[in-house]
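The values are calculated or read from the model by the stated rules, or taken from the named source; none is laboratory data. In this text the structure is predicted, and so the values were computed from the model without any measurement. Using ideal geometry, Cβ is built from the backbone for each residue, glycine included, and neighbour counts are taken over all protein chains shown.
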Amino acid sequence: MELYFAPLEGITGYVYRNVHARHFSGIDKYFAPFISTSSHGFQKRKEVRDILPENNEQMHLVPQLLSNCAQDFIDYGRKIYELGYSEINLNLGCPSRTVVSKGKGAGFLAEPEALDRFLDQVFSQLKGKISIKTRIGKDDPEEFFGLMEIYNKYPVSELIIHPRTQTDYYKNKPNLKVFGEAVRHSRHPVCYNGDICTKEEFDNLTERFPNLQAVMIGRGFLKNPALAQEIVMGEHLKITVLKQYHDELYQQYKELFSGDKPVLFKMKELWLYLIEYFPEYEKYGKRIKKTQRLCDYEGIAAELFSRLRQS
Ligand SMILES: Cc1cc2nc3c(=O)[nH]c(=O)nc-3n(C[C@H](O)[C@H](O)[C@H](O)COP(=O)(O)O)c2cc1C
């Protein structure tokens, strides 16, 4: 069974992925955050930079596209295969209102006929591997049975299922009953995604579903960046390595951005998840959220690591 690092837009860009891959092992594939297609081709240099092979040498990367236009997907897809990638992932899970209102991400799930036509055109014209990351419906988990029939018609290389509906966002619990039905009825290898943050949660899931191709983890890896090696090799997170990982990430963001604000923005987003690992995390979490200057941030981070060493 393989372990995948989920795409987390705004957090797991190439700088983050490289730092993570340098300090922690056990990840079979990293998925890049989505690139939204348009009829004008790649729009932002930032998007291309994120998936350039020279920026991703230390990992197996799968680029992801967010699209409801088959021709745009095909045009972007060809460019991505030309870069040397063997797999592209289609995002049918993003629940954000701006994405859904355009009929993309999980919004596309509400239009099964259009989705069927989209997949028909894409699979007949693109010859590389295409995997799908999907939620189980727009509003109702029952939608998934119809969606499965559509997915089963095409040579999808892997079906990654986050068993929530779009309207669930990240609330409620993943629907393991519907996920189990999907595992039984899918023609394709299935990967589970959602709410796995500890080895115990991983073990419970894989005991219940022993035939999964892979498990994809997002926030769990942000909370404990050594979780994959803990699952695979029983190696727990070491404070020294965690500190090196933090320091290198911080350093790289300082080199990349000018001014305190964008660096703090990136680090604050990371701490939203990482903080739970530290003692008295609520108090420190608030202090990090409030900081406006890098020098103050550095003081709080140093205090957090020294508290962790003492605990
Ligand atoms: C901040 C954030 C950004 C995300 N960005 C993406 C994205 O670019 N593409 C995608 O398919 N899913 C995205 N997701 C969803 C995650 O990949 C994943 O499916 C979700 O967090 C559930 O898995 P987890 O419980 O292991 O985190 C994002 C989630 C969060 C919280």
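Scanning the range 15-35 for residues that are surrounded by 19 or more Cβ atoms within 10 Å (Cβ to Cβ), out of contact with any His (no Cβ under 8 Å at 6 or more places or on another chain) and under 23 Å from Glu158 (Cα atoms) yields Arg17, Phe31, Ala32, Pro33, Phe34, Ile35. Whether a residue is exposed (fewer than 13 other Cβ atoms within 10 Å of the Cβ), of a type outside the set (Gly, Ala, Ser) and in contact with an Asp or Glu (Cβ under 8 Å, 6 or more places away or on another chain) was assessed, and Gln310 does not pass this test. Given the condition crowded, with 18+ Cβ neighbours inside 10 Å and under 23 Å from Trp271 (Cβ atoms), answer yes or no: does some residue in the range 206-217 qualify? Within the range 206-217, one or more residues are crowded, with 18+ Cβ neighbours inside 10 Å and under 23 Å from Trp271 (Cβ atoms).
Quick check on Asn91: is it modelled with pLDDT of 95 or more, of a type outside the set (A, V, I, L, M, F, W, C), within 13 Å of the ligand (Cβ to nearest atom) and crowded, with 17+ Cβ neighbours inside 10 Å? Here the answer is yes, as Asn91 does meet what is asked. The numbered conditions (1) farther than 28 Å from Leu126 by Cβ; (2) away from the ligand (no atom under 13 Å from the Cβ); (3) in contact with a helix residue (DSSP H, G or I) (Cβ under 7 Å, 6 or more places away or on another chain) are all true for Thr206 except (3). For the range 220-246, the tally of residues that are under 16 Å from Phe278 (Cα atoms) and within 16 Å of the ligand (Cβ to nearest atom) stands at 8. When the range 146-160 is filtered for residues that are out of contact with any His (no Cβ under 8 Å at 6 or more places or on another chain) and within 18 Å of Glu111 (Cα to Cα), the ones remaining, listed by number, are Gly146, Leu147, Glu149, Ile150, Lys153, Tyr154.
The number of residues in the range 83-104 being touching a strand residue (DSSP E or B) at 6+ places or on another chain (Cβ under 8 Å) and either over 17 Å from Val156 (Cα atoms) or part of a strand (DSSP E or B) (or both) comes to 10. Counting only helices (runs of 4 or more DSSP H) wholly contained in the range 221-311, the ones carrying 2 or more residues that are within 21 Å of the chain's Cα centre (by Cα) occupy 227-233, 239-256, 260-274. For the condition charged (D, E, K, R), closer than 23 Å to Leu274 by Cα and in the same structural domain as Arg49 (by TED's automatic domain parsing), Lys173 qualifies. Elements of the type strands (runs of 3 or more DSSP E) sitting completely within the range 1-82 and holding at least 2 residues that are without any contact (Cβ under 8 Å) to a residue 12 or more places away in the chain and more than 13 Å from the ligand (Cβ to nearest atom): there are none.
Total residues in the range 126-156 satisfying the condition of being within 22 Å of Leu61 (Cβ to Cβ), touching a Leu at 6+ places or on another chain (Cβ under 6 Å) and of a type outside the set (A, V, I, L, M, F, W, C): the figure is 1. Look at (1) under 21 Å from the mean Cα position of the chain (by Cα); (2) at pLDDT below 95; (3) of a type in the set (S, T, N, Q) and you find that Asn56 fails only one, number (2).
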